1. So which of P32, P9 is at pLDDT below 95, of a type outside the set (K, R), surrounded by fewer than 10 Cβ atoms within 10 Å (Cβ to Cβ) and part of a helix (DSSP H, G or I)?
2. Identify all residues within the stretch 55-80 that are open to solvent by less than 90 Å² (accessible area, probe 1.4 Å) and not charged (D, E, K, R); write none if there are none.
3. Only one of these is in a helix (DSSP H, G or I), open to solvent by less than 80 Å² (accessible area, probe 1.4 Å) and farther than 30 Å from A143 by Cβ: A126, A89, A120, A130. Name it.
4. Select from the stretch 31-48 the residues that are of a type in the set (D, E) and more than 21 Å from L21 (Cα to Cα) and list them in ascending order.
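The values are calculated or read from the model by the stated rules, or taken from the named source; none is laboratory data. Fair warning: this is a prediction, and the values are worked out from it, not measured in the lab. Don't worry about glycine lacking a Cβ; one is built from the backbone with ideal geometry, like all the others, and counts go over all protein chains shown. Just so you know, the surface numbers come from the protein's heavy atoms only, side chains and all, with ligands and any DNA or RNA stripped out. Shrake-Rupley method; radii C 1.70, N 1.55, O 1.52, S 1.80 Å.
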Amino acid sequence: MDIPKEFFPVLLVQIALFLGLWAVLKRFWFEPALRVIAAREKRSHGAIVEAKRLQDEAERLRREHGAAIEQAKNEAQREVQDLLRQAEAAQRELIEQATADAQRTASEMRERVAAEVAAARQSLQAEVHAIAREVAQTVLGRAV
């Protein structure tokens, strides 16, 4: 198979047209498109880095918040325990005071009852002698 003579010049013209079209497209289409793509990639990369930084910051704040909550919980438990201990101490003190008051009142009542019993005995002692004389007078029929 023979290649016609007109083929080489046409091939050279087509190669030249292709290279010219390539140069024009590269300058006016490919380079601007590649610049836009590069700028988008740069913005996307920056946004991804910023998002990662924000995510790390949020995670750090979450840990700090959790630690602060745990510390507040522990402190509240300690305060509740302190309040319970204080309440128990106050309760014991009130019970001791009430017991002492009850014992003092009981002791005063015993003394008062003992005094009233002694007074009643003395009163009855005096009346017993008078009644015994009356009975003896009545039985004997004469003054004793």
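1. Working: P32 fails: surrounded by fewer than 10 Cβ atoms within 10 Å (Cβ to Cβ).
Of the residues listed, the single one that is at pLDDT below 95, of a type outside the set (K, R), surrounded by fewer than 10 Cβ atoms within 10 Å (Cβ to Cβ) and part of a helix (DSSP H, G or I) is P9.
2. If the condition is that a residue be open to solvent by less than 90 Å² (accessible area, probe 1.4 Å) and not charged (D, E, K, R), then A58, L61, G66, A67, A68, I69, A72, N74, A76, V80 are the ones that fit.
3. Values: A126 fails: farther than 30 Å from A143 by Cβ; A120 fails: farther than 30 Å from A143 by Cβ; A130 fails: farther than 30 Å from A143 by Cβ.
Answer to the selection: A89.
4. Applying the first criterion (of a type in the set (D, E)) to the stretch 31-48 yields 31, 41.
Once the filter is applied, which keeps residues that are of a type in the set (D, E) and more than 21 Å from L21 (Cα to Cα), the stretch 31-48 yields only E41.
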